[in-house]
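One structure below.
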Amino acid sequence: GVPAFRYLPDESVWAARPARSLLQGGVPITVLGSGFVNSTSLECAFGELRVRAIFLTPTSIICPAPSRALVSPVAATTVALRVANNGVDFTRGHVSFEYVGSCPPGHYCAGRAILRAPNGTFAAGYGSTNFTLCEPGTFQPRTGQSACLPCPVGYFCPDHGLSAPRLCRAGMVCDSHGLRVPVKPCPAGHFCPPGTKSDDPLDFRLVAFRTHAVEAEAFAIAGPRQLLAPRLPGIYEGTDGLDVLETDEWQLLPEFGLLSLDATKRDWEFRLRPYPEDGFHLLEMPPPGFDRTGLRDLPHIYAERPHPCPLGYYCRTGAATNETANTARNFSAPQRCFSGFFCPRGSVTPEGQGPCPTGHYCPTPTEAFICPVGHYCPEVGNTRPLECYPGTYNPLTKRSNCTLCPPGHICPRWGMLEPEICPAGFVCVESGLPEPVLLCPPGFYCEAGSLTLNTSL
């Protein structure tokens, strides 16, 4: 018979994993490509050095990196990695393969392998044989890094080897970098939710930002820049000659005294934000629930600052929530103020700003009403007016006491404005009588308003 002859497509190389080795070599390199054939002549060429390859699949082979210690014992170099099915005709295309003299920063070398330092660790400088855990106060979310990052504002890093910071505890303020533990409590009169970044209750107001189209143009010209300093809303000329729009993207919710992000101030199409670790830039995404056609079920995003204690309550240092249900004697939550005291938002003691003044009554923590006629409001801290009791009357407002009924009169009812004349047949000789008690003496008659038993008058 006629012997069969098979045509094969040319082999090609796409990538090498890993793409570098120490000069000593000896590390298995996975080469990815196409057209590989299971042949005893299958070889890889690392520059001028050639090694036998191990066939895995038509698209992947393994080649041990040859040692260049004798060829180039000190200097690092980059060589072309090629493959040949027949050990002769190597691929025209190649991938670059790097030889290094010592373990590079961000990596450690266990034996002959170059390994990336895992997240939560770092490998500083050249020649590391192991990685080092990040110290408390720092973290590292990525692999292959030569240093750890300081814990950001609003977070703390309490342990060794953290790959992510921990959100600042509720009731505390984390307003500096590199915190191991939160040490600053929430200021009195306020509560601090998790992640609070500032101890200033007036922070986050008048934060300026560029419109997205203007910022994109500015980035194309001048590169990334810091956010603008707080100024009054308006349009002014930027440092690079571009007109820049400034506005305040936070709004105060008057019914609660909370500062919330106004998501409608941004179009959320494209916003450049510098990524501090490596200089890359991220697109800013809208908050969950944001509807581009309007606001629909958009959750509030509150400023990471202390928020005032609710109306009618006071907050001690370190309050963590504004929850007021079932919080008696739980001083991490707001506590109810004393009744009859002015207690606006942000109160720091149960007395608030002081008691309701005399001659007034205060049914709410913020309102004072003048005591009405027929009533009295004694001393301070009244929550309601008291009716004048029988034997007294009061025709005036704003009084702290009622007047005793004068002789010749009686005050038989509660809340009287004027006294009544003592009825005929009786003598009302005392003050403060709710009803007549002395009958007219025998042999005499007594007209209405009689006020003495002395018959000689």
So in region 92-129, with the set limited to residues that are part of a loop (DSSP other than H, G, I, E, B) and closer than 16 Å to Ile29 by Cβ, which one is least open to solvent (accessible area, probe 1.4 Å)?
Gly111
Being over 46 Å from the mean Cα position of the chain (by Cα), part of a strand (DSSP E or B) and either surrounded by fewer than 17 Cβ atoms within 10 Å (Cβ to Cβ) or of a type in the set (A, V, I, L, M, F, W, C) (or both), is that true of even one residue in region 64-78?
yes
Taking region 80-91, which residues are assigned to a loop (DSSP other than H, G, I, E, B) and crowded, with 18+ Cβ neighbours inside 10 Å?
Asn85, Phe90, Thr91
What are the residue pairs meeting all of these: first residue in region 170-190, first residue open to solvent by 40 Å² or more (accessible area, probe 1.4 Å), second residue small (Gly, Ala, Ser), Cβ atoms under 7 Å, and 6 or more apart or on different chains?
Ala170/Ala320; Asp175/Ser198; Arg180/Gly137; Pro185/Gly171; Pro185/Gly318
Thr30 vs. criteria open to solvent by 60 Å² or more (accessible area, probe 1.4 Å), touching a strand residue (DSSP E or B) at 6+ places or on another chain (Cβ under 7 Å) and in a strand (DSSP E or B):
no
Could you tell me how many of the residues in region 400-451 are open to solvent by 60 Å² or more (accessible area, probe 1.4 Å), part of a loop (DSSP other than H, G, I, E, B) and more than 28 Å from Cys377 (Cβ to Cβ)?
9
Any idea which of (1) open to solvent by 30 Å² or more (accessible area, probe 1.4 Å); (2) in a loop (DSSP other than H, G, I, E, B); (3) touching a residue at least 24 places away in the same chain (Cβ under 8 Å) is the one Asn382 doesn't satisfy?
(1)
Anything in region 130-169 that is among the small types (Gly, Ala, Ser), open to solvent by less than 40 Å² (accessible area, probe 1.4 Å) and within 23 Å of the chain's Cα centre (by Cα)? List them, or say none.
Gly137, Gly154
Does any residue in region 88-100 that is among the small types (Gly, Ala, Ser) come within less than 9 Å, Cβ to Cβ, of a residue that is open to solvent by 80 Å² or more (accessible area, probe 1.4 Å) six or more places away or on a different chain, and which pairs are these?
Gly93/Trp14; Ser96/Thr78
Suppose we filter Tyr393, Tyr376, Tyr389 for residues that are farther than 30 Å from Leu311 by Cβ and touching an Asp or Glu at 6+ places or on another chain (Cβ under 9 Å); which single one remains?
Tyr393
Check on Ala4, outside any strand (DSSP E or B), farther than 30 Å from Cys148 by Cα, among the small types (Gly, Ala, Ser) and open to solvent by less than 50 Å² (accessible area, probe 1.4 Å)
no
What number of residues within region 334-374 satisfy the criterion of being touching a residue at least 60 places away in the same chain (Cβ under 8 Å) and surrounded by 19 or more Cβ atoms within 10 Å (Cβ to Cβ)?
4
Tally the residues that are exposed (fewer than 14 other Cβ atoms within 10 Å of the Cβ) and not in a strand (DSSP E or B), restricting the search to region 41-58.
2
Considering region 35-61 alone, what residues qualify as being more than 12 Å from Asn86 (Cα to Cα) and touching a Cys at 6+ places or on another chain (Cβ under 6 Å)?
Val51
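The values are calculated or read from the model by the stated rules, or taken from the named source; none is laboratory data. Owing to the predicted nature of the structure, the values given are computational and were not obtained by experimental measurement. All Cβ positions, even for glycine, are placed from backbone atoms using ideal geometry, and neighbour counts span all protein chains on display. Only protein heavy atoms, including side chains, enter the accessible area calculation; ligands, DNA and RNA are left aside. Shrake-Rupley method; radii C 1.70, N 1.55, O 1.52, S 1.80 Å.
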